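**Q** Here you go, one structure.
Every read-out reported here was derived from the displayed coordinates using simple, explicitly stated rules and does not represent laboratory data. Since this is a predicted model, take the numbers as computed values, not measurements. Don't worry about glycine lacking a Cβ; one is built from the backbone with ideal geometry, like all the others, and counts go over all protein chains shown.
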Amino acid sequence: MIDAGKAIAALLTNPRELMDYLEVIGNGEPLTEDPAPCMAIPTTAGTGAEVTRNSVLLSAEHRVKVSMRHPKMLPTVALIDPELTRSMPKEVTASTGLDAFTQLLEAFVSIKANPLTNGLCREGLKKAARALPRAYACGNDLVAREEMALASLFGGLALANAGLGAVHGFAGPLGGMFRAPHGLVCAALLPAVFKANVQALKARDPEGPALKKHEEVARIVTGNPEAKPDDGLHWIKNLSRQMFVPGLAAFGITETDFPILVEKSKRASSMKGNPISLTDEELTEILEDSLHPPIGDDSTPQL
């Protein structure tokens, strides 16, 4: 709803057709006039849309979610009150919270990350890692709700300046082609994207900063100063299992959809931030690995 509000505020003062302003499927033209004043008051802790300069919109005709983007689309006022998130049911807490966690992780390892966004992501990941399971278990835990509200806010600020990655590169096309909650789609994809990125970085950029950042993510989420990326992957899979995240197959996605999803993901703006360019084969393997939820065992997967 916040994204819709930002788009409406922009179109009130910019009279051209919506398609003129949309990315990917439209002309991506800039706004010429300041949008009408817009106040963003989130009632979930997930997207961080209250502090981003774009609106993600669904085009049913093109079966894709795309952005209308401009610096002037930043809301006039963002009011974040954790009390407003206490009524979220478990399913919404999981879906939105996992989206916030994914955004923090992707912005942190993005090729467009910078010292400011790194600080936001480090603090946000710490908060989300400890607060999301608590908020999911007890919706009235106001301390956990406040931590998640901040994690969501930090994620929005970070992604607005550092971009995202392959998870959201896939999530846009998937959200347009299938009726699936955005956060659960991100959570279903995250383990496979984390694994694919680490493997690709080890093979093609082992000395670059992105691999070290994946190690840092593992240390942050596990609390273990000696943690390696495979420990981080194990933690992410366990979090998904705890919150009953389904695989992509639960939303009607099959292997026959893979080619078009791969092609659409490569055109998505989010994919430009991924820490390493992934091949079509690697992108296809991500979808294959995400079709079904992780198997529930206690072994640490090896990357």
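**Q** I'd like the distance separating the alpha-carbon centroids of the stretch 25-96 and the stretch 100-139, in whole Å.
**A** 18
**Q** Mind sorting Ile111, Ile220 by how few other Cβ atoms lie within 10 Å of their own Cβ, fewest first?
**A** Ile111, Ile220
**Q** Also, quick follow-up: So how much slack lies between Ala137 and Ile111, counting 0.36 nm per residue of separation and subtracting their Cα-Cα distance, in nm?
**A** Once the chain is fully extended between Ala137 and Ile111, it gains 5.9 nm.
**Q** Give the calculated FRET efficiency between Arg204 and Glu263 to the nearest 0.05, with a Förster radius of 35 Å applied to their Cβ-Cβ distance.
**A** So the FRET efficiency works out to roughly 0.95.
**Q** Sort Val167, Val51 so the one with the fewest other Cβ atoms within 10 Å of its own Cβ comes first.
**A** Taking fewest neighbouring Cβ atoms as first place, the list is Val51, Val167.
**Q** Any idea what log10 I(q)/I(0) is at q = 0.17, 0.18, 0.20, 0.24 Å⁻¹ for the stretch 64-170, Debye with uniform C-alpha scatterers and no solvent?
**A** Here log10 of I(q) over I(0) equals -0.81, -0.89, -1.05, -1.27.
**Q** Compute the relative contact order of the stretch 2-78 as a whole-number percentage, counting only Cα pairs closer than 8 Å that sit 6 or more residues apart in sequence.
**A** So the answer I get is 37 percent.
**Q** Could you put Thr76, Thr93 in order, starting from the residue whose Cβ has the fewest other Cβ atoms within 10 Å?
**A** So the residues, fewest neighbours to most, are Thr76, Thr93.
**Q** Okay, moving on. In nanometres, what is the gap between the two model label sites at Ser87 and Ala36, each 7 Å from Cα along Cα-to-Cβ?
**A** The answer from the label model is 2.5 nm.
**Q** If you don't mind, there's one more thing I want to ask. Shape call for the stretch 33-113 from the C-alpha gyration tensor, a ≥ b ≥ c root eigenvalues: rounded (a/c under 1.5), prolate (a/b greater than b/c) or oblate?
**A** rounded
**Q** I've got another one for you. Trypsin sites (Lys or Arg not before Pro) within the stretch 121-220: which are DSSP loop residues with at most 11 other Cβ atoms inside 10 Å?
**A** Filter output for the stretch 121-220: Arg179.
**Q** Once amide H atoms are built 1.01 Å from N in the peptide plane, which residues 5 or more positions from Val64, or in another chain, come under 5 Å H to H?
**A** For Val64, the qualifying residues are Ser59.
**Q** To continue, here is another question. Just the Cα atoms of the stretch 2-78, one point each, no solvent: what log10 I(q)/I(0) does Debye give at q = 0.11, 0.25 Å⁻¹?
**A** Scattering profile of the stretch 2-78, log10 relative to I(0): -0.25, -1.18.
**Q** By a straight-distance test (C-alpha under 17 Å), which aspartates and glutamates pair with Lys6 as possible cross-link partners, with residues fewer than eight away in the same chain excluded?
**A** Qualifying aspartates and glutamates at Cα under 17 Å: Glu17, Asp20, Glu23, Glu29, Glu33, Asp34, Glu50.
**Q** Rounded to two decimal places and with Rh computed the Kirkwood way over Cα pairs, what is Rg over Rh for the stretch 159-296?
**A** Rg/Rh for the stretch 159-296 comes to 0.95.
**Q** If you don't mind, another one. Per residue of the stretch 222-231, in order, report the coupling 6.51 cos²θ - 1.76 cosθ + 1.60 (Karplus, θ = phi - 60°) as ³J(HN,Hα) in whole Hz, putting x for Gly and Pro.
**A** For the stretch 222-231, the Karplus curve yields 8, x, 9, x, 9, 5, 10, x, 5, 5 Hz.
**Q** Given labels modelled 7 Å from the Cα in the Cβ direction, how far is it in nm from Arg16 to Arg179?
**A** My value for the distance between the label points is 3.4 nm.
**Q** Right, another one. Under the classification rounded if a/c is under 1.5, otherwise prolate if a/b is larger than b/c and oblate if not, where does the stretch 106-222 fall, given a ≥ b ≥ c as square roots of the Cα gyration tensor eigenvalues?
**A** Oblate is the answer for the stretch 106-222, as a/c is 1.5 or above yet b/c matches or exceeds a/b.
**Q** First measure r as the distance between the Cβ atoms of Arg130 and Leu79, then evaluate 1/(1 + (r/R0)^6) with R0 = 35 Å and state the FRET efficiency to the nearest 0.05.
**A** Once rounded, the FRET efficiency stands at 0.90.
**Q** How about the stretch 144-225: which chymotrypsin sites (Phe, Trp or Tyr not before Pro) there lie in a loop by DSSP and see at most 16 other Cβ atoms within 10 Å?
**A** Listed in order of number, the matching sites are Phe178.
**Q** Which loop GluC sites (Glu not before Pro) in the stretch 56-103, with loop taken from DSSP, have no more than 11 other Cβ atoms within 10 angstrom of their Cβ?
**A** Taking the stretch 56-103 and a limit of 11 other Cβ atoms within 10 Å, the loop GluC sites (Glu not before Pro) found are Glu61.
**Q** Simple spin-label model, 7 Å along Cα-to-Cβ: Thr279 to Ser59 in nm?
**A** Each label point is offset 7 Å from its Cα along the Cβ direction, giving 3.1 nm.
**Q** What does the charge count near Gly175 come to, summing +1 for each Lys or Arg and -1 for each Asp or Glu among other residues with Cβ under 10 Å from its Cβ?
**A** +3
**Q** Additional query: So I have [x] 68, 42, 34; [y] 57, 44, 37; [z] 74, 44, 36, and one of them is Cα extents along the principal axes in Å calculated from this model. Which one is it?
**A** [y]
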